[in-house]
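Peer 1: Got a structure for you, questions after.
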Amino acid sequence: MRAYSYCPHCTTALAKDMIDGRERLFCPSCSWVNYVNPLPVAVAYTVNKKNELLVIRRAHEPAFNEWALPGGFLEVGEEPHEGCLRELMEETALNGTIERLIGVYHRDVELYGSLLVIAYKVMVTDDAITINNEVFEAGFYPQHLMPEVRIPLHVQIINDAVR
Ligand SMILES: [Zn+2]
C-alpha cells in the first residue's frame, strides 16, 4: 500500500510525529493527520443442502489463481452481513442467507495493508452458479473432493466453521 507524501487538503509535504501513541503522517500547515485504519472485508463460508462447501478460484490479486472462499470489501453504509451476501451474489449469482457469524479476524496484506475480516456461515438452497469476471471457476465440493485452499486466513475460517 502506498503512503501519502502530501496533504490531500492543502498539498503541503507531510511530516511524521508521534500522535495518539503511534508514529503518523500529519500536515504541518493544516494539522490533518493521516490516520490509517483497517479495511473491512466480508467472507462467505457457503454451504448447500448437501453440506458441500463453495470454493472459488480467484481471477485477481491478491492470491491470484488460488482456491478461496468468496468475499470482498464492504461498501460505505452497508451492514457487514449484507456486504457478505452481496459479494456472494456478485461472484457466483448465489442467493444466500446468513446462518451465523464464524469469526472476526485481522490480517496484513501487502496490496491493501491492514484488513478486518468478518466471516459468516451462509446457506443456499438453489446452488446453481454463474460466475463473474473476478472468478475463474466456482463449485460446491464435499470435503474429500475439495480443491486445496492454501490462503492461511481462509484455512482458519474453514477450520473455525466446522468446530
Ligand atoms: Zn494540509
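Peer 1: What is the calculated FRET efficiency for THR130 to VAL155, with r their C-beta to C-beta distance and R₀ = 30 Å, to the nearest 0.05?
Peer 2: 0.65
Peer 1: So what J values fall out for the range 104-109 if you push phi through Karplus, 6.51 cos²θ - 1.76 cosθ + 1.60 with θ = phi - 60°, rounded to Hz, Gly and Pro as x?
Peer 2: Ordered by residue, 3J(HN,Hα) equals 10, 9, 10, 9, 9, 10 Hz.
Peer 1: Hey, rough spin-label estimate for GLU23 and GLU82, points 7 angstrom out along Cα→Cβ, what's it come to in nanometres?
Peer 2: Inter-label distance under the simple model: 4.0 nm.
Peer 1: Given H placed 1.01 Å from N in the peptide plane, which residues other than close sequence neighbours of LEU39 have an amide H under 5 Å from its amide H?
Peer 2: Here SER114, LEU115, LEU116 satisfy the definition.
Peer 1: Oh, and also: Taking springs between alpha-carbon atoms closer than 10 angstrom, which of GLY71, GLY103, GLY21 fluctuates most in the Gaussian network model of the chain?
Peer 2: GLY21
Peer 1: Okay, moving on. Which sequence of TRP67, TRP32 reflects their accessible areas, 1.4 Å probe, from the largest down?
Peer 2: Ranked list, largest accessible area first: TRP32, TRP67.
Peer 1: Return the whole-Å distance between the Cα centroid of the range 78-157 and the Cα centroid of the range 1-58.
Peer 2: 21 Å
Peer 1: Oh, and also: Only Cα pairs within less than 10 Å get springs; with that Gaussian network setup on the chain, which residue of TYR112, TYR45, TYR35 has the largest fluctuation?
Peer 2: In this elastic network of the chain, the residue with the biggest mean-square fluctuation among TYR112, TYR45, TYR35 is TYR35.
Peer 1: Skip the ligands, DNA and RNA, and give the accessible area per residue of the chain with a 1.4 Å probe, whole Å².
Peer 2: I get 59 Å² per residue for the chain.
Peer 1: Each residue of the range 73-81 in turn: what ³J(HN,Hα) in whole Hz from Karplus with 6.51, -1.76, 1.60 and θ = phi - 60°, glycine and Pro shown as x?
Peer 2: 6, 5, 8, 4, x, 9, 5, x, 5
Peer 1: For LYS50, give me every one of the aspartates and glutamates with a C-alpha distance below 14 angstrom, ignoring sequence neighbours fewer than eight places off in its own chain.
Peer 2: Counting by Cα, and skipping residues close in sequence, LYS50 has these aspartates and glutamates nearby: ASP126, ASP127.
Peer 1: Work out from phi, with θ = phi - 60° and the Karplus expression 6.51 cos²θ - 1.76 cosθ + 1.60, the ³J(HN,Hα) of each residue of the range 5-19, listed in order in whole Hz, and give x for Gly and Pro.
Peer 2: Each residue of the range 5-19 in turn: 10, 10, 5, x, 8, 10, 6, 5, 4, 7, 10, 10, 7, 7, 10 Hz.
Peer 1: While we're looking at this one, here's another question. Based on DSSP H runs of at least 4 residues, each adding -39500 (n - 2.57), what is the mean residue ellipticity at 222 nm of the chain after dividing by all its residues, to the nearest 500 deg cm²/dmol?
Peer 2: About -4500 deg cm²/dmol.
Peer 1: Calculate what fraction, in whole %, of the accessible area of the chain sits on carbon and sulfur atoms when a 1.4 Å probe is rolled over the protein chains.
Peer 2: Summing carbon and sulfur atoms, their accessible area is 51 percent of the total for the chain.
Peer 1: Once both axes come from the Cα atoms, what is the angle between helix 152-162 and the longest principal axis of the chain, in degrees from 0 to 90, rounded to 10?
Peer 2: Relative to the chain, helix 152-162 is tipped by roughly 50 degrees.
Peer 1: Expressed in nm to one decimal, what extension gain is obtained for the pair VAL109 and THR11 from 0.36 nm per residue of sequence separation less their Cα-Cα distance?
Peer 2: 32.5 nm
Peer 1: Further question: How big is the chain in terms of Cα radius of gyration and Dmax, in angstroms?
Peer 2: 18.9, 61
The values are calculated or read from the model by the stated rules, or taken from the named source; none is laboratory data. Everything quoted here is computed from the prediction, not taken from an experiment. Using ideal geometry, Cβ is built from the backbone for each residue, glycine included, and neighbour counts are taken over all protein chains shown. Heavy atoms of the whole protein, side chains included, go into the accessibility calculation; ligands, DNA and RNA do not. Shrake-Rupley method; radii C 1.70, N 1.55, O 1.52, S 1.80 Å.
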